[in-house]
Every structure is written in C-alpha cells, then in structure tokens.
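*Asks:* Mind having a look at this structure? Questions to follow.
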Amino acid sequence: MSQNDVILYTLLGYGVVLLAIGVWARGRNRDNTDFFLGGRRLGPWLAALSGSASSSSAWTLLAVSGAAYGWGLSALWLFPATLGGFLINWFLIAPRLRLLSRETGAITVAEIIAPVEFGASRQRVLRVAAVIVLFCFMFYIASQFEGAGKAFQSHFGWSREAAILAGVAIVLAYTLLGGFWAVSVSDLIQGLMMAATAVLVPLAALLAVGGPAGLAAGLLADASPEVLSLTGPFGGAMGLAFVLGTLGIGLGYPGQPHVVNRFMALRDEASLRRARVIAIGWAVIVYAGMLLLGLCARVLYEVGDGEQVLFETSAQVLPPFVAGFVLAAVLSAIMSTADSQLLVAASCVAHDWNAGSPAQNSRLSLSRLTVLLLCVAAAALAIFVAEDIFTRVLFAWHAVGSAFGPLLLMRVLGRPVGVGATLATLVTGAGLTVILHWLPAAPGDAAERLLPLAAAMSIAWFFRGR
C-alpha cells in the first residue's frame with residue numbers, strides 16, 4: 001500500500017467519524033441556545049480542548065512552524081505571546097464571562113457588549129458588531145481553507161481549487177448537522193490530534209538532527225546571522241518594535257468570539273477550574289512543539305514554502321501511516337477553527353441581527369442557511385484571493401480582537417460602556433486595523449497589532465459614559 005493510499009484511508013475514516021458526530025449531535029439541538037452554545041452544558045475537557053483548538057488553527061501547525069523555519073530564534077517570541085493570551089483568557093475573562101452570560105441570558109459575545117440597557121440603540125450596536133465579525137471571519141475562514149489546499153496539494157498533487165473544496169465539504173457537513181455540540185466534540189478530537197502531532201513530529205525531527213546538541217550545532221553553522229538573533233534582522237528601536245509587535249499577538253485573545261463563547265457554555269465553576277489547567281497545558285505542548293519543529297527543519301533541509309515544513313518533515317522522518325495521521329491533524333486544525341467561526345458568524349446573522357424578535361430563539365433553519373452561505377463565500381475568497389496563512393490570519397485576528405476585546409474586558413470588569421463609546425470602540429478597533437494593514441509593514445507589524453487595540457481601549461476606558 002502506497003503512502004498516499006494510507007493517507008487517503010486515514011482521512012476517509014476521520015471524515016466518517018466527524019459525520020457520525022454531526023448525526024449524533026443533531027438531536028441535541030432544540031433551539032438557538034443549543035445550536036450556538038450547547039445549552040451551557042460543556043464539561044472541562046470539551047470546553048478546554050474545543051476552545052484551544054479553535055484558537056489554534058492551521059496558523060499554529062503550518063504558520064508557526066513556518067515562522068520558526070524562516071526566522072530562526074526570533075520566532076521564539078511567539079511562545080510567550082500565545083501562552084500569555086491563553087492565561088489572560090482563562091484566568092481573567094473566563095470566570096467573569098461565564099457568570100455574566102448566565103445572568104443576562106446572552107448566547108453571543110455581541111449580546112454581552114450590547115446589553116439590554118441600551119434600549120432602542122441596542123440593535124444598531126449588534127448590527128455593527130455583526131458586520132465586523134462577518135468581514136473579519138471571511139478572511140479567517142478563507143485562510144483555513146487555504147491551509148486545506150496546501151495539505152491536499154502536498155500529498156496528492158490535487159489542484160488548489162479541488163483541495164479547498166474538499167476541506168469545505170467536510171466542515172460544512174458536520175457543522176450544519178450538529179451545530180455547537182458537533183463542533184465542540186469534533187474539536188476535542190482535533191485538539192488531541194494536534195497535541196499528538198506537536199509531540200510526535202518535532203521529537204522525530206530532533207532525533208534526525210542529532211538531539212539538542214545537533215540542533216544547536218546546526219543553527220550555529222547557519223550562514224545567516226539573523227537566525228541566532230532574538231530580534232531577527234532588526235536592531236535597536238526596530239528590534240524592540242519587532243518584539244512588541246510579536247508579543248501583541250497575545251493581546252488579541254480576549255476579543256475572539258469563537259474562542260470565548262466556550263467560557264459562556266461551561267457547565268459550572270468546577271468545570272472551569274479543570275478546563276483552565278487542561279487548556280494551558282495544551283498550549284505549552286502545541287506551541288513549543290511547532291517552534292521546535294521549525295528550527296529542526298531549518299537544519300535538516302530547504303523548502304520553498306516554509307508553511308510546508310510540517311508536511312515535508314513528516315514525509316521524511318515518519319512511516320507512511322503516521323504521515324497520514326499528521327495530514328489528518330492539519331486538516332483537523334483547519335476544521336476546528338473554521339467550524340467555530342462559521343457558527344459565530346451565523347449567530348450574528350440569525351440571532352443578533354434581529355435580536356428581540358419573538359421567534360428569534362427557534363430559527364434553526366435560518367442559522368443553518370447562514371452557515372451554508374458563509375462557507376461558500378469564504379471558499380470563494382480562498383480560491384480567488386490567494387494569500388499566505390500567517391498574514392491573513394493575523395489580520396483577521398487583530399481586527400476582531402481590537403474591536404471586541406476592550407469592550408468585553410470592560411464588561412467582565414463591571415465597567416459598563418455607553419452606546420456611543422461602544423460604537424466608537426468597535427469601529428476604531430476594526431477600522432484602524434484595516435487601514436494599517438494596507439500600509440507598509442513595520443517590524444513585527446507592531447503598528448497593526450498594537451495601535452488599534454490601544455486606541456479602542458482608550459475610547460472604552462476614558463469615554464465609557466458616553
């Protein structure tokens with residue numbers, strides 16, 4: 001049996017499992033509270049691993065390892081950046097958001113930042129929030145489908161278009177069937193697969209380079225001096241900007257609706273405490289593993305596209321059936337983010353857009369139609385507007401994080417923000433990120449990752465009474 005046959009059969013079996021989960025979860029959805037929030041009944045393992053996998057997409061397995069391969073030691077700043085984001089979310093946001101969502105009956109993050117006290121102005125805020133989510137998530141979901149294209153191209157030689165559509169079909173099927181329950185259970189499986197991959201492949205690569213001593217010797221022998229620099233090719237103020245910009249990635253975590261909605265779905269306080277430990281441990285394993293893989297790969301060989309490092313390494317250092325598992329793990333990372341974002345985006349249209357409608361809580365058909373249309377739109381963007389995963393994900397990540405993060409933080413700290421300040425914060429956070437994304441990039445994209453968030457936070461803090 002050839003390697004491609006093993007990989008194909010592995011993926012087919014994985015697809016059958018996902019569809020079975022979707023069929024099982026279908027009967028658990030009675031209304032939008034079930035479809036979008038699992039009836040607030042998530043236990044610790046489901047909440048921790050589904051939330052972690054949703055925040056750590058193809059960007060983690062492909063782009064982080066690719067960054068370590070391309071940048072060298074300066075990519076290590078990605079570890080404290082991402083781990084810091086996990087700590088902020090699980091220790092600061094999660095406890096307060098779980099209670100707040102139950103007290104208010106909110107099932108979306110937009111309902112948290114636009115409480116019923118806004119009165120007639122509430123719907124306007126919810127619609128602005130919905131537009132921002134839809135715009136940002138189209139880029140984010142498209143990047144996941146781009147990752148699927150790279151995975152299938154690498155192993156099967158499929159056309160980019162066919163590869164993207166294959167990934168879309170799998171995600172769409174089980175998300176439509178089972179909603180939040182299907183997404184959460186499948187994300188648990190995907191999170192475990194990602195963690196296993198982040199241990200297995202980097203360790204095999206480390207053995208291939210001769211252990212830690214061989215890795216150190218290989219990096220020291222590299223002809224590029226910036227490989228050993230913690231600020232890459234930058235020095236002085238530019239080097240500081242690079243570090244701050246990279247660390248700024250972690251500041252976007254609190255504003256990610258597809259991640260923090262797991263906190264709203266947690267069953268109880270005990271589940272939260274256990275989930276916190278599981279999620280932090282998972283983050284350490286996955287991000288450290290991917291950074292190690294990229295550094296080892298730099299010593300082992302050269303590749304044209306750094307985001308193919310995981311595939312190249314698994315093909316060289318692992319037997320065929322294990323390489324099939326790795327490809328399935330990459331696709332699982334793609335799906336664990338895309339499915340969650342599709343549900344959040346669908347909730348903006350089917351739930352938030354006309355919040356307060358008498359039939360709002362039972363419009364499952366509209367929710368499923370929205371998922372379908374959004375999936376098609378993101379697939380079209382992925383096919384016709386090609387861009388590397390790292391850039392596209394971080395743009396969407398910071399746009400939505402800068403818009404929602406400051407407002408969510410203010411709400412969980414018990415500092416209400418008025419209608420005018422809420423709208424100004426949303427528009428400033430997202431709009432300034434878009435503008436800076438079009439301008440020439442600074443080292444570490446520091447301006448794009450820090451200025452919009454700082455400006456939005458200033459508005460929410462100093463003008464919250466307006």
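The values are calculated or read from the model by the stated rules, or taken from the named source; none is laboratory data. Bear in mind that the values here come from a model prediction, so they are computed numbers and not experimental data. Cβ placement follows ideal geometry from the backbone for every residue including glycine, while neighbour counts extend to all protein chains displayed. Each accessible area value is taken on the protein alone, full model and side chains, heavy atoms only, with ligands, DNA and RNA left out. Shrake-Rupley method; radii C 1.70, N 1.55, O 1.52, S 1.80 Å.
*Asks:* Quick check on this structure: which one of LEU49, LEU19 is within 24 Å of the chain's Cα centre (by Cα), at pLDDT 70 or above and open to solvent by less than 30 Å² (accessible area, probe 1.4 Å)?
*Replies:* Selected residue: LEU49, the only one of LEU49, LEU19 that is within 24 Å of the chain's Cα centre (by Cα), at pLDDT 70 or above and open to solvent by less than 30 Å² (accessible area, probe 1.4 Å).
*Asks:* Check PHE91, PHE137 and return the single one that is in contact (Cβ under 8 Å) with a residue 24 or more places away in the chain and open to solvent by 10 Å² or more (accessible area, probe 1.4 Å). If you could, list the steps in order and put the result at the bottom.
*Replies:* On the way: PHE137 fails: open to solvent by 10 Å² or more (accessible area, probe 1.4 Å).
Sole residue among the options that is in contact (Cβ under 8 Å) with a residue 24 or more places away in the chain and open to solvent by 10 Å² or more (accessible area, probe 1.4 Å): PHE91.
*Asks:* What tally of residues in region 452-463 results from selecting those that are open to solvent by 40 Å² or more (accessible area, probe 1.4 Å) and hydrophobic (A, V, I, L, M, F, W, C)? So that I can check it myself, show each step before the final result.
*Replies:* Here is the first cut: in region 452-463, the ones open to solvent by 40 Å² or more (accessible area, probe 1.4 Å) are 454, 457-458, 461-463.
Checking the rest, the ones that are also hydrophobic (A, V, I, L, M, F, W, C) come to 454, 457, 461-463.
Summing the residues that are open to solvent by 40 Å² or more (accessible area, probe 1.4 Å) and hydrophobic (A, V, I, L, M, F, W, C) in region 452-463 gives 5.
*Asks:* Next question. Residues to consider are THR428, THR433; find the one that is surrounded by 19 or more Cβ atoms within 10 Å (Cβ to Cβ), within 24 Å of ALA75 (Cβ to Cβ) and at pLDDT 90 or above. Quick ask: steps written out before the conclusion?
*Replies:* Numbers: THR428 fails: within 24 Å of ALA75 (Cβ to Cβ).
Matching residue, one of THR428, THR433: THR433.
*Asks:* Does ILE113 meet the test of being under 19 Å from LEU343 (Cβ atoms), within 17 Å of the chain's Cα centre (by Cα) and open to solvent by less than 30 Å² (accessible area, probe 1.4 Å)?
*Replies:* Numbers: under 19 Å from LEU343 (Cβ atoms): yes; within 17 Å of the chain's Cα centre (by Cα): no; open to solvent by less than 30 Å² (accessible area, probe 1.4 Å): yes.
Against the criterion (under 19 Å from LEU343 (Cβ atoms), within 17 Å of the chain's Cα centre (by Cα) and open to solvent by less than 30 Å² (accessible area, probe 1.4 Å)), ILE113 does not qualify.
For every residue, the table says whether it meets (1) closer than 30 Å to SER65 by Cα; (2) free of Cβ contacts under 8 Å to residues at least 40 places away in the same chain; (3) part of a helix (DSSP H, G or I).
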position	(1), (2), (3)
ILE383	yes, no, yes
LEU407	no, no, yes
VAL427	no, no, yes
THR433	yes, yes, yes
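*Asks:* Also: Could you tell me which numbered condition ALA198 fails, if it satisfies all but one of (1) modelled with pLDDT of 75 or more; (2) within 20 Å of ALA279 (Cβ to Cβ); (3) out of contact with any Gly (no Cβ under 7 Å at 6 or more places or on another chain)?
*Replies:* Among (1) modelled with pLDDT of 75 or more; (2) within 20 Å of ALA279 (Cβ to Cβ); (3) out of contact with any Gly (no Cβ under 7 Å at 6 or more places or on another chain), the lone unmet condition for ALA198 is (3).
*Asks:* Next question, about the same structure. In this structure, is GLY232 under 30 Å from the mean Cα position of the chain (by Cα) and at positive phi? Spell out the reasoning first.
*Replies:* Working: under 30 Å from the mean Cα position of the chain (by Cα): yes; at positive phi: yes.
When the stated conditions are applied, GLY232 passes them.
*Asks:* Do we have LEU331 as within 22 Å of the chain's Cα centre (by Cα), modelled with pLDDT of 80 or more and crowded, with 24+ Cβ neighbours inside 10 Å here?
*Replies:* No; evaluated as a whole, the condition is false for this residue.
*Asks:* Search region 1-16 for residues being surrounded by fewer than 18 Cβ atoms within 10 Å (Cβ to Cβ) and of a type in the set (A, V, I, L, M, F, W, C), and hand back the single one that is modelled with the lowest pLDDT.
*Replies:* MET1
*Asks:* Please determine whether any residue of region 258-279 is at pLDDT 90 or above, among the basic types (Lys, Arg) and open to solvent by less than 60 Å² (accessible area, probe 1.4 Å).
*Replies:* Among the residues of region 258-279, at least one is at pLDDT 90 or above, among the basic types (Lys, Arg) and open to solvent by less than 60 Å² (accessible area, probe 1.4 Å), which makes the answer yes.
*Asks:* (1) open to solvent by 10 Å² or more (accessible area, probe 1.4 Å); (2) part of a helix (DSSP H, G or I): which one isn't true of TRP158, the others all being true?
*Replies:* Exception for TRP158: condition (2).
*Asks:* In region 174-195, how many residues are open to solvent by 20 Å² or more (accessible area, probe 1.4 Å) and either modelled with pLDDT under 65 or closer than 15 Å to SER365 by Cα (or both)?
*Replies:* Of the residues in region 174-195, 2 are open to solvent by 20 Å² or more (accessible area, probe 1.4 Å) and either modelled with pLDDT under 65 or closer than 15 Å to SER365 by Cα (or both).
*Asks:* Restricting attention to region 292-328, which residues are modelled with pLDDT of 80 or more, of a type in the set (A, V, I, L, M) and surrounded by 24 or more Cβ atoms within 10 Å (Cβ to Cβ)?
*Replies:* Result: LEU293, LEU295, ALA297, VAL309, LEU310, VAL326.
*Asks:* Pairs only if they're at least six apart or on different chains, beta carbon under 7 angstrom, first in region 216-241 and under 29 Å from ARG449 (Cα atoms) and acidic (Asp, Glu), second part of a loop (DSSP other than H, G, I, E, B) and open to solvent by 50 Å² or more (accessible area, probe 1.4 Å); list them, first residue then second.
*Replies:* GLU226/PRO233
*Asks:* Of the residues ARG466, ARG449, ARG411, which is part of a loop (DSSP other than H, G, I, E, B) and open to solvent by 10 Å² or more (accessible area, probe 1.4 Å)? Spell out the reasoning first.
*Replies:* On the way: ARG449 fails: part of a loop (DSSP other than H, G, I, E, B); ARG411 fails: part of a loop (DSSP other than H, G, I, E, B).
When all the criteria are applied, what remains is ARG466.
*Asks:* Would you pick out the residues in region 217-234 that are under 23 Å from THR246 (Cβ atoms), part of a helix (DSSP H, G or I) and either among the aromatic types (Phe, Trp, Tyr) or open to solvent by less than 50 Å² (accessible area, probe 1.4 Å) (or both)?
*Replies:* Across region 217-234, the qualifying residues are LEU219, VAL227.
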